[in-house]
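Report on the following structure.
Just so it is clear, none of the values below were taken in a lab; they were calculated from the coordinates. The structure presented is a predicted model; accordingly, all values stated were derived computationally and were not measured. In this analysis, Cβ positions are derived from the backbone assuming ideal geometry, glycine residues included, and neighbour counts consider all displayed protein chains.
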Amino acid sequence: ELKENTVIVVFGASGDLAKKKTFPALFGLYRDGFLPTDVRIVGYARTKMDEAEFHKRTTSYIKNPDNNEEIAQKIETFKQISSYVSGGYEDDPSFQNLETYLRDLEAKTHKGKEHNRLFYLALPPSVFTPVAAHVRKNCYSADGVNRIIVEKPFGKDTESCRELLTALKEHWSEDETFRIDHYLGKEMVKNMLVLRFANIALNAAWDKNSISNVQITFKEPFGTEGRGGYFDEFGIIRDILQNHLLQVLSILTMERPVSFAAEDIRDEKVKVLRAIPPIERSDTLLGQYVSANGKPGYLDDDTVPKNSVCPTYAATTLWINNPRWEGVPFILKAGKGTSSFLSIRFPPLLQPTTLPISHYSSTLALNEAKVEVRIQFKDVTQGIFKDISRNEFVIRIQPSEAVYLKLNTKAPGLYTRALPTEMDLTYKRRFSETKIPEAYESLILDALKGDHSNFVRDDELDVAWKIFTPILHWIEGQDGPRPKPVSYPYGSRGPKELEAFITKYGFKRTQEG
Ligand code: BG6
């Protein structure tokens, strides 16, 4: 349960992650009454700024579009419980100073009670380890629970990840450590366990006997503008596939856990990941976006080295060598500067349409990444039907959360013809009154409660890296010339080679495409 008397310290408080995700999520929890009573939030970073400036930054991404009085009020009280300390990341005196500050704060607000601390490291990887070490040494509460939240990148390959884990483990136990992959906090990712294990109809068809292929797709309609420096060093595989999409894959394919307990779930995830051999070069398609539609290409960004062959798009096919999944291709695809909306239009009036309504609502959210899982079932035995569309079960993670099943039905009328149509569960319509929590809200709350279910365990990271390390080394030229990505226009659906790539793994377009 929730620890009362907690101080949350956010390191990297002047950075992008803190501004865009951490503080808005903390505010969301505060607004809805989910933070412990008497909680205090302390931002920490190198930047020197006064509290007014700090509050301005940390609330700049908090939304209150209708100027709701109650929310405006909450923003003011949120400011009162948050404060700022500036200091270095690598020297003892800075952390001693922070410790003095925390003690004073606790003496004022949590007098005579235990003192719990949650440290959130929204930091670049170069200072992860020193900050974790200094906090443990100087700011560890002697009479309460201490927890630390860290975020990717967790190294760049198997070896560097192990080094990082070992360095952090010197100071923080596994039980105290919460490694965020924010996809695990997304509502539809959490829903997968329920969809799979609470529905016998789905569960019965969840294997190689019924499923032909699976695609897990991430499309983001903007490029790497402004983050070119970071991105070029990491690339799309480390940014998205190796963590976010692989996490989705593991939940989608793991065996049923004995219970919902964190270790039971994570044991099953690790087990299925261990059955995946390293990705083959021949199962990989790499792309890089070029200037189009008035938008600059990847190489036009000044922060990107000239002639960089860093992929901004990757499709890779993974295979799971276990009895349930043997022979089923799992295609993970992710691309920056891609869009899935170009060919989707609102349906012409008065014309019958076979597209689920959920498709149309996507057109409204052009700035969000589109992420979905598409499970395509096998063909029905030929005989009474010819050229019939395959069933597909689609889980749209974002935007506009939805689950829909494409199925064939008799076209209504005085003849017998199978028509592909869908059963559609679009959350906006079905649960219109319910607010879907932000991923970071859900994860920070879990960390405050000490629930590890939706955080990444050390051994999980290790197996995840083993799957990707060989192709990453190949892409980076560690064992030969670097492969050159194919180009695709900014704002397109991805490289034109993609169609042949997914067809090769058995994907067949249904009639409506
Ligand atoms: C981050 C990546 O982990 O996830 C970003 O570093 C990406 O490049 C982001 O934009 C996507 O997250 P979301 O929640 O917007 O899908």
request  = Measure out, as a whole number of angstrom, how far apart the alpha-carbon centroids of region 164-181 and region 129-155 sit.
outcome  = 8 Å
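Pulled fully out, how much extra length does the chain show between Tyr415 and Ile200, if you take 0.36 nm times their separation in residues and subtract their Cα-Cα distance?
On the way: separation 215, 0.36 × 215 = 77.40 nm, distance 3.29 nm.
Length difference between fully extended and current span is 74.1 nm.
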remark   = Honestly region 129-277 on the Cα gyration tensor test (a ≥ b ≥ c root eigenvalues; a/c under 1.5 rounded, otherwise a/b vs b/c for prolate or oblate) is just oblate
Contour excess over end-to-end distance, with Cα ends at Glu433 and Glu53 and 0.36 nm allotted per residue = 133.2 nm
ask   = Using modelled amide H (1.01 Å from N, peptide plane; none on Pro or chain starts), what sits under 5 Å from the amide H of Ile41, excluding residues fewer than 5 places away?
value = Ile8, Ser82, Ser83
task = Return the sequence-ordered ³J(HN,Hα) values of region 444-458 in whole Hz as given by the Karplus equation 6.51 cos²θ - 1.76 cosθ + 1.60 applied to θ = phi - 60°, using x for Gly and Pro.
result = 5, 4, 4, 5, 5, 8, x, 9, 8, 3, 9, 10, 8, 7, 4
note = Restricting to lysines and to Cα separations under 19 Å from Lys113, and discarding same-chain partners fewer than 8 apart, the set is Lys3, Lys449
task = Hey, can you grab everything whose amide H is under 5 Å from the amide H of Asn146? Only 5+ residues off in sequence or another chain; H modelled, so Pro and N-termini drop out.
result = Arg117
task = Express in whole angstrom the spacing between the alpha-carbon centres of region 227-300 and region 416-437.
result = 27 Å
query = Okay, helix-only estimate at 222 nm for the chain: each DSSP H run of n ≥ 4 adds -39500 (n - 2.57), divide by all residues, round to 500 deg cm²/dmol; what do you get?
reply = -9500 deg cm²/dmol
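What net charge is computed for the residues neighbouring Pro489, neighbours being all others with C-beta under 11 Å from the C-beta of Pro489, Lys and Arg scored +1, Asp and Glu -1?
Values: positive: Lys295, Arg493, Lys496; negative: none.
Result for the neighbourhood of Pro489: +3.
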task = Name the residues whose placed amide hydrogens come within less than 5 Å of the amide hydrogen of Ile397, ignoring near sequence neighbours (fewer than 5 apart) on the same chain.
result = Val371, Glu372, Val373
key: Dipole magnitude of the chain, debye to nearest 20 (Cβ charges: Lys/Arg +1, Asp/Glu -1, about Cα centre)   = 1660 debye
Low-density loop positions, trypsin sites (Lys or Arg not before Pro), region 390-448 - DSSP coil, at most 14 other Cβ in 10 Å = Arg417, Lys435
ask   = Once phi is turned into θ = phi - 60°, what whole-Hz ³J(HN,Hα) does the Karplus curve with 6.51, -1.76 and 1.60 give for every residue of region 459-470, x standing for Gly and Pro?
value = 5, 5, 4, 4, 5, 4, 5, 4, 5, 9, 4, x
query = Using the Karplus equation 6.51 cos²θ - 1.76 cosθ + 1.60 (θ = phi - 60°), what ³J(HN,Hα) coupling, rounded to whole Hz, does each residue of region 271-285 give in order, writing x for Gly and Pro?
reply = 4, 6, 5, 5, 7, 9, x, x, 5, 7, 4, 5, 9, 10, 10
request  = Please work out the Cα center distance from region 395-415 to region 446-513, rounded to the nearest Å.
outcome  = 27 Å
